[in-house]
Structures are given as structure tokens and as C-alpha cells.
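A.B. asks: Take this structure, written in C-alpha cells, and hold onto it; I'll ask about it next.
The values are calculated or read from the model by the stated rules, or taken from the named source; none is laboratory data. These numbers come from a predicted model, not from an experiment. Every residue, glycine as well, gets a Cβ built from its backbone with ideal geometry; the counts of neighbours run over all protein chains shown. Side chains are part of the model used for accessible areas, which takes the heavy atoms of the whole protein and leaves out ligands, DNA and RNA. Shrake-Rupley method; radii C 1.70, N 1.55, O 1.52, S 1.80 Å.
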Amino acid sequence: MLGLSFLHPYALAALAAVAVPIIIHLWGRQRAPEILFPSLRLLQQAQRRTSRFVRLRQLLVLLLRMLIIALLVLAFAGPISSGGCWLAPRRTTALLLLDDSSSMALRQGTRTSFDLARRAAARIIQSLSAGDEAALLVTSAAEMGSQAGPTRSPAAVARQLERLAVSDVSARLDGGMAAAADLLAQAGTPSGAVFVLTDCQATAFGASAGAARDLPENTALFIVDVGPAEWRNTGWQDLQLLTNFPLPGRPVTVRATLHTHGWEAGRRVAVSLTADGKPQPGRTVTAQQPGPSFVQFQHVFASAGEHWLAVGLPPDDLPGDDRRYLSLVVRPSAAVLVVETPAKRRRPSEFLVPALNPPLDARGDRADILRPKVVAPSELSADRLAAADLVIWADVPTCDAATAQALGDFVRRGGGLLVLLGSAVEPATYNSVFLPAICAAGRITIGERSGDPSQRERYFAITEFDTSGPPLAAFAEPQAGDLSSIHFFARWDLHAPGATVRASFDDGSPALVETSQGQGRVAVLSLALDPAWSDAPQRAVFVPLVHRLAYHLARGATRAIPDLATGREIALTLSGAARSRRVRLRRPGGVEQQRPIEPGARRLRLGPARRRGIYDLAVEEGGTVARHVFAANTPTPEFDLTKAPPEAIRRWAGRPVRILPVAKLAELSAAALPRSADLAVPLLVLAALLLAVESALSLSRRRSAKPAAE
């Protein structure tokens, strides 16, 4: 039995129009006039025979008109059937959704996963019959909104396949399914099949469910798995800037995360660093298995401005994660506000200012990389805070609510705050007003005071400190200085349940704690760095300690275009004031585009970042050129080739789906594809033939009526 369905079933309501010819027939039927004739027997018999023929012809015309209306309504309702005929051949549309993400570049022997997917797509196209349609869609184009409609030319689709290459965009099949539904709606066939050719990595299917529910009802879904059963890889997962405030002439530290899969433990890997396009000395590290390995690099930039770094690995079977990029801004200097109470006899600035900006030689020349300025709490205006990168709150006795709120806003906008607790501090005011404003309430509180500055023979020492990252990472090397050499004669007890302890005393109590607030950082030192409470200013480690804290806490550069993931749009906010404006963008590989900027435009959009690497953007506005360097990296989950289990794929699809390894694709014959015939054309042809018959009968009726009337 042939299956019959309708594309527009709501149109069947128009079948009520079949009653229109009946109503017209009943309304317009006329009774024959009565004419008195002689009672002639032969004439009466002839009249009865003529009346029967007329009634039969009228009934036939009525039925034809009703049938014509019914056929037209059925045709416009879009009838489709699994059967076919010479007027309505059975056809299908094959839509090929090709995964062209970075993971498809994995080499399997002499071919990549993408090569296997293209060969499978070509085999599917060759199996189509005459009259079938085909369409090709890649996941990167689906994510970016670029797609082409179905075509009945298999050769055209084959040419598209030959031109395709692996992209640097991660796979997101949800967008591909939405684009496939739109393409099938444009197809000229009532049924179709969607072939998803992918390596079936779990991250590509995502956490959503029912992604294929919008496909037309008469559409079959096939997942063709071209990925390997086993794989191994070494690649970069992340590249992070550890130096919060990069300065010229100072070491910039970055940490790269190296991940291995499928290799034996203790594998030696050669790693490299590139700075502004220039290779730096490399080294060999031991990769952990399983899990990540952290590799730190340092580089010194001679000048301020826009710079970039890249870490690299030797080529392997999966090239997409062998290189990772990072852009950064090196600032010429940092503005530091040292806030203290002028009434004190011996002020902390006497020791902090020379440590922040020490003389370079006997002549007193200074580098001016850290530019300190001493102010009183009452002089801490909004303008001064806006121009500062770091505020050192040095043993200030108390703080009013307005100043505390201003400092809290300064930190949330990205500024750094270092709090030094000395003998003048009032703990009650700090716990109730100051500390809740600069960080969340309860994160850091001040307890009792310990020690006696007058008893110099009894002191505290820092014996534990975190060297896994800034600000104290440099002190892991002996040449950087020995923090345990400083003697502290008094301190405040800190309670920091919501903060990170960076250093502790020999009795386990916190010496330095740190917390984040908004975009900035707050560090609290449980003592004052002055001769009254410690001998820190007399120690060689004092200047490096102050500098490390300042570099870590100071406000970093605000990036107009931060580093982004491949596939994301490149956008920049403009001033909109200059009349003459142009933009030049150099993409990875040296591809450059230049164009003028429309007058009055406040937002510049340059399309998606399709390739991973370094982008160099120059914007000319009114004779000045602003340069922006930023990096684009493929998201790390793209290189996790762990396969999605079949139940996860079925949940993602939300409809029946057939999962095929690429090796078994040959078992799928063309007859297995859903095919159906569009019956609208045969119905319209039949309606036209019946209309011709009805017209002929109506015309013969009018001709026979003329002699009778005469």
C-alpha cells in the first residue's frame, strides 16, 4: 500500500468547495415549459427518451466539475507518495554536512580524516539517480551563515568537494543541522537524506538535545564516522600571561599547558618560543601522562607597544594544536599612588618610594618604570584614581565609607591595591568599613596583634610561600633573594577564608593574602614594611619583593580587541570624530585587506577570524594610526578526539538516526534512501483533462439546445 501524505494539509479544508457546483446546479435548474400537443403517442415517447439523455449529461457535467475542484485542492495541498509514475518519478535530495573542523586534519596513515570524509561524500553523490538533488554544507560555513542551495548537478557538488580544505574553526553540528533544515526547505523534492560526515568527537555534539528535530518529516539522518578508533597526540591547550603588568626591559612570564594522549609516560618533547615572529632558544621538557604539563617561558621586550608570543611543537599527526598564540601590550611605566597619613613621625613612603623607583647609578638616574606619588587619604580624588595603576595603602589608621567605596570601584575596574597593616591601623574600622568595600564581606578580616617591636630578639619569619605563580614565583630561585631572611617583630593576625594565602609565617598564620574583585586584585600584608616592625628595608630581598608585588597587582593594559576564538567576529569600537579614516588588517599568512571607514561609523566589523594566528590591525583616524595586535586560537576542546557514544548522538539528534562507520558506507545502497513522488503535477494534468471533457459536454449541450428553441 502506497503511503500518502500532504505538505500543506491545512489546504484540504478547501475541499468544502466541492459543494459549490451542487448548489449552483440546484439553484439554476429550470423547469421545461408546458406546451399542449395533440395526444400523439410517438411524440410523447420521443420526449421521454430526450429527457433521460439530458438528465444523464447534466449529472455527468456536475460530477466532472466536482472532481475538477477536488483535484485542484488536492494538488495545492502538496500530495506526496512513496510510489511513482512516469509523470511523477520518485526522487530524493541528499544533503552532505561535512565536518571541516581542525580535528579532521588528523592523519590516519597516508590520509587525513577530512580526506576520508571527502571520498565518502563523493561516493554518496555517485550513487544518486537521475533527477535527484544534492547539496554540500560544511560546518564552518554553517556557523558563519554561508551556504548554497541544492542542485541537480552532481558534477558541481563534486567540484565543490575538491576545493574544500580543513578550517581552523571548531565543529558545532547544531548550527549545521539548522542550516540543513533551511536547505531542505528549498529543495525541489519532497523527501531527502542528511549525511553528517564527521569524526564523531563528543565535543562536537554538545549538550543540546533534539538538534535535528527541525528537519522535514520525510528526511532520513545518517552519521558517517570517519574518525579513528585509537589516537595519540601532543598539543598545546592554553597559553597564559602570568606577568600582570609587562614592562620594557623586564622579564615577561607566560605559562603554556601541554597535554598528551596515547603516549607513554615520561615522553620528552621539544618546545619552542617565538616572540614577534623571531624564534627564541627552545628546550626539551618531560610530558606527563595522563594529564597536563605546565611549561613556563620568559622573554624580555626591549620596547613598549603591541607584541605577541607563540609556543610551538614539532609537527605530528594533528597539526592544529602544535602552535598557540598570545598577544600582549607592554606598557612604558606604571603609576603608583602611595597613600599614608602625614602626621606620622616616620612615614612608610621613606622606604617604599626608593624601593619602587631605585637609582640606577651613583648619579641618581632612575628608570621611572614604577612612578610613585605620595598622597594623603584626603587627596585621593577620582581623577587620581583613574590615572593610577596601583594604590599602596600604607598603614593608614582609618578610612571613611566614601573613600573605601572609591577604592573598591577602582579595584573592580582593574586597578591593584596593596594594603600594609602597621601600628596605626584600627581593626574595628577596617573590618566594618574598609575591607568589605574593597573585597567581598568576610573574605579578609583582621584579628589580634602579635609580637612586640621592642623585643628584637623575638621575631617571626616567612617560611612558606607559593612559588607556583606570581607574585612570588621568582623567589623559587635562590638568586632572587631569600624571603625567610626578613625578621618581623610584630604582625596582625589575618583571617582569610575567601582569599588565597600567598605566604605564611613559621607558626602557620598568613603573612600575605590575595583576592580578586571585579577585574582587579587586592593583596593584604599583615605587617608594615618599615624598620619599626621589621628589618625588611635593610635586606637585599626588599626591593625585589616590592617590585614583584607591584608588577603583579598593577592594572594591566585595556585591550581594544582581546584575543579571541577562531570563527568569532572581529569588531572594534571607534571614536567617530575624524572625517578621514581607513583600516588595514593583516591576517595570518600575510593576507591583507584595506578599506575606508564610513563617516560617522562607531563600530568597525571585519568579519570572522577564520584562521588561527596573529592579526595586525591598523586604524587611521585624522592622521593618527592606532595599532592593535591580537591572536586567534582554535578552542581547546576541538582537539579532544574522544568519541561520542551512540546514545549521546541519538539524544542529540532527537529523531531516528543511523550511525555508520565509513568502512560500511558501501553497504548503504541508493535504494535505502527515502524517495517519494510529488503527485501535484499528475493531479493538475488530470484536472486539465477533465476540464476539457466538461467543456466539450457543456458546448454540445448548448448546441443541442438551439434547434429545440427554434
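A.B. asks: DSSP loop trypsin sites (Lys or Arg not before Pro) in the stretch 548-598 with at most 10 other Cβ atoms within 10 Å of their Cβ, which ones?
C.D. replies: Answer in residue order: Arg579.
A.B. asks: First measure r as the distance between the Cβ atoms of Ala17 and Ala209, then evaluate 1/(1 + (r/R0)^6) with R0 = 51 Å and state the FRET efficiency to the nearest 0.05.
C.D. replies: Efficiency at R0 = 51 Å is approximately 0.75.
A.B. asks: For the chain, which whole-number percentage of the solvent-accessible area (1.4 Å probe, protein heavy atoms only) is attributable to carbon and sulfur atoms?
C.D. replies: Solvent-exposed carbon and sulfur of the chain make up 54 percent of the total.
A.B. asks: Assuming 0.36 nm per residue, please report the length gained on full extension of the stretch Gln296 to Arg595 beyond their Cα-Cα distance.
C.D. replies: Stretched out fully, the Gln296 to Arg595 stretch lengthens by 103.6 nm.
A.B. asks: Same structure, new question: How large is the charge dipole for the chain, taken about the Cα centre, if only the Cβ atoms of Lys, Arg (+1) and Asp, Glu (-1) carry charge, to the nearest 20 debye?
C.D. replies: For the chain, the charge dipole is close to 4440 debye.
A.B. asks: Two-decimal Rg/Rh of the stretch 512-603 from alpha-carbon positions, Kirkwood Rh?
C.D. replies: 1.24
A.B. asks: Farthest toward the dipole's positive end in the chain, which of Leu472, Ala687, Ser170, given Cβ charges of +1 (Lys, Arg) and -1 (Asp, Glu) about the Cα centre?
C.D. replies: Of the candidates, Ala687 comes out farthest on the positive side.
A.B. asks: Starting with the highest mean, order 682-689, 654-661, 304-311 by the number of other Cβ atoms within 10 Å, averaged over the residues of each peptide.
C.D. replies: So the order, starting with the most tightly packed, is 304-311, 682-689, 654-661.
A.B. asks: Which percentage, to the nearest 5, of the DSSP beta bridges contained in the chain is antiparallel?
C.D. replies: Beta bridges within the chain, antiparallel portion: roughly 65 percent.
A.B. asks: Apply the a/c threshold of 1.5 to the C-alpha gyration tensor of the stretch 155-288 and tell me whether it is rounded, prolate or oblate.
C.D. replies: The shape class here is prolate.
A.B. asks: Run the paramagnetic zone check for Asp482: 7 angstrom along Cα to Cβ, then residues of the stretch 515-545 with backbone nitrogen under 18 Å.
C.D. replies: Counting only backbone N, you get 535-545.
A.B. asks: Let me ask something additional. Name the residue farthest towards the positive end of the dipole of the chain from the options Leu116, Pro427, Ser333, assuming +1 on Cβ of Lys and Arg, -1 on Cβ of Asp and Glu, about the Cα centre.
C.D. replies: Most positive-ward Cα: Leu116.
A.B. asks: Extension gain Ala386-Glu667, at 0.36 nm per residue separation less the Cα-Cα distance, in nm?
C.D. replies: Value of the extension gain: 94.2 nm.
A.B. asks: Any chance you could run the full-extension gain for Thr284 through Thr642? It's 0.36 nm times the residue separation minus the Cα-Cα distance, nm to one decimal.
C.D. replies: Gain on extension, Thr284 to Thr642, equals 126.1 nm.
A.B. asks: Now, a different point. Between Gln455 and Ser468, how many nm apart are label points set 7 Å from Cα along the C-beta direction?
C.D. replies: It works out to 3.6 nm between the two label points.
A.B. asks: So, one more: What is the magnitude of the charge dipole of the stretch 187-283 about its Cα centre, with +1 placed on the Cβ of each Lys and Arg, -1 on the Cβ of each Asp and Glu, and no other charges, expressed in debye to the nearest 20?
C.D. replies: 720 debye
A.B. asks: Name the helices (complete DSSP H segments) of the chain with a Cα length along the long axis of 27 Å or more and a Kyte-Doolittle mean of at least -1.0, or state none.
C.D. replies: Those that clear 27 Å and a mean of -1.0 are 41-76, 680-709.
A.B. asks: For the stretch 276-412, max minus min Cα coordinate along each principal axis, in Å, sorted largest first?
C.D. replies: Here the Cα extents, ordered largest to smallest, are 68, 43, 27 Å.
A.B. asks: Continuing with the same structure: Counting helices only, and only those DSSP H runs with n ≥ 4, report the 222 nm mean residue ellipticity of the chain as the sum of -39,500 (n - 2.57) divided by its residues, in deg cm²/dmol to the nearest 500.
C.D. replies: -7500 deg cm²/dmol
A.B. asks: Do you know the relative contact order of the chain, to the nearest whole percent, from alpha carbon pairs under 8 angstrom that are 6+ apart?
C.D. replies: The value is 17 percent.
A.B. asks: Let me ask you something else. When ligands, DNA and RNA are left out and all protein chains stay put, how many square angstrom of accessible area per residue does the chain have with a 1.4 Å probe?
C.D. replies: Roughly 49 Å² per residue, with all protein chains present.
A.B. asks: Given 25 °C and 0.890 mPa s, compute D for the stretch 424-565 with the Stokes-Einstein relation, Rh being the Kirkwood radius over Cα pairs; round to the nearest whole µm²/s.
C.D. replies: For these conditions, the coefficient is 151 µm²/s.
A.B. asks: Sticking with the crude label model, points 7 Å out along Cα→Cβ, report the distance from Gln108 to Ser575 in nm, one decimal please.
C.D. replies: With each label placed 7 Å out from Cα toward Cβ, I get 5.6 nm.
A.B. asks: Now a separate question. If packing is taken as the average number of other Cβ atoms within 10 Å across a peptide's residues, how do 118-131, 272-285 rank, most packed first?
C.D. replies: Packing order, densest peptide first, comes out as 118-131, 272-285.
A.B. asks: Peptides 621-627, 350-356, 223-229: what's the order by average Cβ count within 10 Å, highest mean first?
C.D. replies: Result, highest mean first: 223-229, 350-356, 621-627.
A.B. asks: Using a Förster distance of 41 Å, how high is the FRET efficiency between Ala696 and Asp182, based on the Cβ-Cβ distance and rounded to 0.05?
C.D. replies: That gives a FRET efficiency of 0.30.
A.B. asks: Among Tyr551, Ala653, Pro635, which residue has its Cα positioned farthest towards the positive end of the charge dipole of the chain, with +1 placed on the Cβ of Lys and Arg, -1 on the Cβ of Asp and Glu, and the dipole taken about the Cα centre?
C.D. replies: Ala653
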